[in-house]
Amino acid sequence: MPRAPAPRLVRGLPVWHSREREGYWNPEYGEVEVPEGWVFLPSGDTFLTRQAKQGPHWILLKRRKGYTATLGILCPEESVQQAKAKAAQTQGAREAQRETGKRSRARAEERYRTQLEQAILSFLAFAPKHEPLAREIARGAVSQATPVGSGRVGRTKKLALEERAEFAARAYIRHKHTDYEERLNQRSVNPWDEVGEDDHGYREVKSEANRKVTRFLTRYRP
């Protein structure tokens, strides 16, 4: 198929490396010729990419197993140079902004962890003489449930705070105050897997551990 010129001013035209020849391909235009003076800007620098995408550009994609990856953009070299110049001019301000954002996120995270710890203490509702144990469980449950990016219950937004607190507390007690991990290790099952290699065995062990958690909670409540 002969190469067809794609509109130079199209923004965000998706293209792939051509399988037929050296160059690029688009579903609508077929084989396309990169406009003269255009260069490839690889993904990685969000600021440069965002600035360069304000003008005409194509998005270079690559099909991978189960998803489509963005490799970068093709755009006028002038756009890249202007983006780099602006990046240099604003570097100090952007670094200060990033630092401010980092501190803000840290404060927000600390507030959330404190709120979750208090919610766990409320759920536990241990007798006053067992307050040290309650605080140990609450602190441990927060640490166990909130690693960023872990996907654990402390990071979900689908549950109310009180529900997160209950699930986090029960999980911590199950892991630290029952023989749950020991029994799963005997079966060569990772205690942190939702479903182990032996599904029936995993569910049996977890169900028994949950009953032990309930008895544990009853023992320390008034």
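Just a few scattered comments:
- Residues located in region 42-75, provided they are loosely packed, with under 12 Cβ neighbours inside 10 Å and closer than 22 Å to E95 by Cβ: G44, T46, R50
- Sub-8 Å Cβ pairs linking a first residue in region 24-37 that is over 14 Å from I59 (Cβ atoms) to a second residue that is among the aromatic types (F, W, Y), at least 6 apart or interchain, are E31/Y24; E31/W25, ordered by first then second residue.
- Pair list, Cβ < 6 Å and 6+ apart or interchain, from region 59-72 residues that are assigned by TED's automatic domain parsing to the domain that holds T49 to residues that are of a type in the set (F, W, Y) and surrounded by 11 or more Cβ atoms within 10 Å (Cβ to Cβ): L61/W16; G72/F40
- When each of V142, V153, V148 is tested for being in contact with a Gly (Cβ under 8 Å, 6 or more places away or on another chain) and β-branched (V, I, T), the lone residue that passes is V142.
- Meets criteria (of a type in the set (G, A, S), in contact with a Gly (Cβ under 8 Å, 6 or more places away or on another chain) and not assigned by TED's automatic domain parsing to the domain that holds A160) for S43: yes
- Matching residues in region 49-80 - criterion: being under 15 Å from W16 (Cα atoms) and of a type in the set (S, T, Y): Y67, T68, T70
- A count restricted to region 118-173 and to residues that are modelled with pLDDT of 95 or more and among the basic types (K, R) stands at 5.
- Of residues in region 35-61 being more than 17 Å from A83 (Cβ to Cβ) and modelled with pLDDT under 95, the one farthest from the chain's Cα centre (by Cα): E36
- For region 38-58, the tally of residues that are touching a Ser or Thr at 6+ places or on another chain (Cβ under 6 Å) and either touching a residue at least 60 places away in the same chain (Cβ under 8 Å) or β-branched (V, I, T) (or both) stands at 0.
- Test: I173 is assigned by TED's automatic domain parsing to the domain that holds T214 and under 30 Å from T218 (Cβ atoms): yes
The values are calculated or read from the model by the stated rules, or taken from the named source; none is laboratory data. What you see is a predicted model, and the numbers here were worked out from it, not measured in a lab. A quick note on method: Cβ atoms are made from the backbone with ideal geometry, for glycine too, and the neighbour counts reach across all protein chains shown.
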